[in-house]
């Protein structure tokens with residue numbers, strides 16, 4: 001009887017290329033040295049998360065962005081003051097009464113391939129919905145930035161950041177909670 | 001003059017639709033007797049004869065028309081070559097002589113002459129033209145002579161320009177045995193109709209801003225609404241089936257879930273109610289901006305159709321001293337306006353929340369913050385010309401939890417409110 005193959009032998013036999021799975025394309029970003037991953041969800045929590053996203057968008061003026069909020073509280077004037085071009089961002093105010101449309105809106109926006117960056121501000125907890133968003137983000141090769149007040153319990157997001165105030169410099173800086 | 005002729009079978013009824021769609025190739029299009037003519041002589045910089053042939057073939061297959069194509073220097077020869085699929089003018093059978101008399105209408109004036117010619121063993125145009133004029137005049141009279149002149153100088157027949165109809169309307173009758181009542185088969189038929197609509201729009205250099213879809217249902221006794229009508233208003237002009245179909249699918253899907261069709265559909269009709277001129281640019285092979293713009297417009301149209309116009313927008317800065325009135329919603333690309341105002345919070349509350357300062361704390365009904373830093377004030381006065389004299393002193397406060405709040409004090413009442421967060 002043949003002895004079973006080791007994992008390494010199996011990888012060699014099928015021409016496994018680790019870089020295909022490990023190296024994710026990223027949007028470079030001066031405030032986060034490893035960049036924002038494409039085709040994945042990046043979760044951002046903590047006070048200062050919106051300004052962090054604004055700084056990111058300011059550095060990507062050629063990318064088309066959809067910004068979806070469950071209950072619209074964003075002050076767009078502040079984004080423009082922080083250097084985000086107003087024509088770059090399409091806002092969607094889902095409204096609390098239509099919250100079930102949130103998933104449809106985000107999935108359709110990603111599938112249309114019209115946006116390379118999606119920003120979602122919602123506190124939803126549904127892990128299956130999150131998985132569907134992850135798959136759509138991956139196939140659209142877009143970056144989904146998910147703003148929340150607290151990190152989500154599931155491990156679906158590729159990168160989870162929390163913005164914290166540095167006690168020494170008093171500046172807000174991102175802290176990596178997890179990355180895969 | 002160089003003419004592309006499309007000869008159509010006698011049963012074909014879509015001649016005008018084809019002519020309209022052909023306007024995309026050349027502004028000079030004409031309707032003949034079961035034929036469409038396109039003057040391509042001055043378009044040689046846009047396409048070659050081979051490519052226009054191939055493009056016309058694609059157009060015919062999209063419209064579902066079994067037409068035959070030929071190119072020649074005049075109308076009658078082009079359509080005769082198309083009908084007979086002969087290579088040279090001299091080989092055209094004498095049965096095509098009425099076309100030389102007039103390519104625009106059918107006539108039986110030459111029936112006797114054609115029969116006589118065939119009895120004489122003259123079956124082709126080359127042989128007919130070899131006959132002396134005098135003998136034609138003696139045998140067939142003035143009509144024969146006129147036909148002979150037209151055969152010899154066919155380019156003398158002028159092109160009658162075709163005027164496209166101002167209203168674009170397309171319909172399809174559904175076979176009763178088909179029992180069309182579900183969305184997917186309906187979309188299948190709709191795609192065919194929308195294909196025709198988009199070809200006509202493109203031919204006439206227009207884009208649709210508003211469309212009406214009407215369905216005629218089988219009038220069974222239980223049917224309460226036998227002719228449902230759906231109005232489609234697009235935020236951006238639409239011209240392609242690919243962008244229109246998802247809009248129709250979304251709308252009809254949500255409608256049919258709430259109110260399924262009561263009986264099978266007998267007829268589907270689409271009318272274009274409002275149009276705008278399209279730019280009519282050629283496809284750019286070196287970048288995908290047009291496709292990206294089309295898919296962007298498509299998704300915006302779908303989102304506005306589903307969520308409502310007020311929920312999908314760009315934000316445009318408005319000159320106002322009142323912070324909450326500092327922007328407005330728009331769907332057209334907003335104009336960036338540099339604002340001299342101090343940095344504003346990224347989040348703003350629709351209704352400011354009253355807060356109460358107690359020692360070094362601010363508190364609402366539900367929360368309490370310890371203030372570790374406070375900056376301000378920035379004084380903002382209401383728009384007095386609008387009879388708003390409210391004066392506010394704004395402060396930026398940093399709390400021990402790292403939050404950065406934007407509060408104001410109403411100078412008249414002394415009340416304090418939380419209005420924004422530097423998130």
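Laboratory data are not the source of any read-out in this text; all were calculated from the coordinates shown. Just so you know, these numbers come straight off a predicted model, no measurement behind them. FYI the Cβ positions are ideal-geometry reconstructions off the backbone, even for glycines, and counts take in every protein chain you see.
Below is a table of values for the structure above.
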| item | result |
| --- | --- |
| 10 Å Cβ neighbours from other chains, averaged over peptide A:88-96 | 5 |
| Computed label-point distance, nm, for sites residue B:167 and residue B:400 using a 7 Å Cα→Cβ extension | 7.6 |
| Percent of Cα-Cα distances greater than 19 Å, calculated over the range B:3-156 | 52 |
| Value of Rg to Rh for chain B (Rh from inverse mean 1/r over Cα pairs, i.e. Kirkwood) | 1.25 |
| Hull shadow area, averaged, chain A [alpha-carbon convex hull, nm²] | 13.6 |
| Kirkwood hydrodynamic radius of the range B:335-423, from inverse mean 1/r over distinct Cα pairs, in Å | 14.0 |
| Using a Förster distance of 51 Å, the FRET efficiency for residue B:108-residue A:180 (Cβ separation, nearest 0.05) | 0.05 |
| Length-normalised contact order of chain B in % [C-alpha pairs under 8 Å, at least 6 apart] | 11 |
| Inter-centroid distance (Cα atoms) of the range B:80-103 relative to the range A:137-157, Å | 69 |
| FRET E, pair residue A:33, residue A:126, Förster distance 41 Å, beta-carbon r, rounded to 0.05 | 0.80 |
| 16 Å cut-off, amide nitrogen to a point 7 angstrom out along residue B:292 Cα→Cβ, residues in the range A:78-101 | A:85-90 |
| Extension gain, residue B:337 back to residue B:321 (0.36 nm per residue minus Cα-Cα distance, nm) | 4.3 nm |
| Residues listed by number, the range B:233-267, amide nitrogen under 19 Å from residue B:61 label point at 7 Å toward C-beta | B:241-242 |
| Förster radius 35 Å - calculated FRET efficiency between residue A:63 and residue A:12, Cβ distance, rounded to 0.05 | 0.35 |
| By average C-beta atoms within 10 angstrom, highest first, the peptides B:334-340, B:181-187, A:50-56, A:100-106 | A:50-56, A:100-106, B:181-187, B:334-340 |
| Spin-label model distance (nm) - residue B:367 vs residue B:116, 7 Å beyond Cα toward Cβ | 10.3 |
| Hypothetical label at residue A:149: residues of the range B:408-423 whose amide nitrogen lies under 18 Å (7 Å Cα-Cβ projection) | B:418-423 |
| √(5λ) per eigenvalue of the Cα gyration tensor, the range B:189-233, largest first, Å | 28, 12, 6 |
| Average Cα contact separation per residue, chain A, under 8 Å, 6 or more apart, as relative contact order % | 29 |
| Normalised contact order of the range B:168-309, rounded percent, pairs of Cα under 8 Å and 6 or more residues apart | 37 |
| Top of B:224, B:204, B:351 by mean-square fluctuation, Gaussian network on chain B, Cα under 10 Å | B:351 |
| Averaged over A:65-78, number of beta-carbon atoms from partner chains that fall within 10 Å | 6 |
| Semi-axis lengths (Å, descending) of the ellipsoid that matches the C-alpha gyration tensor of the range B:168-309 | 29, 16, 13 |
| Shape of the protein assembly as shown, Cα gyration tensor, a/c cut at 1.5 | prolate |
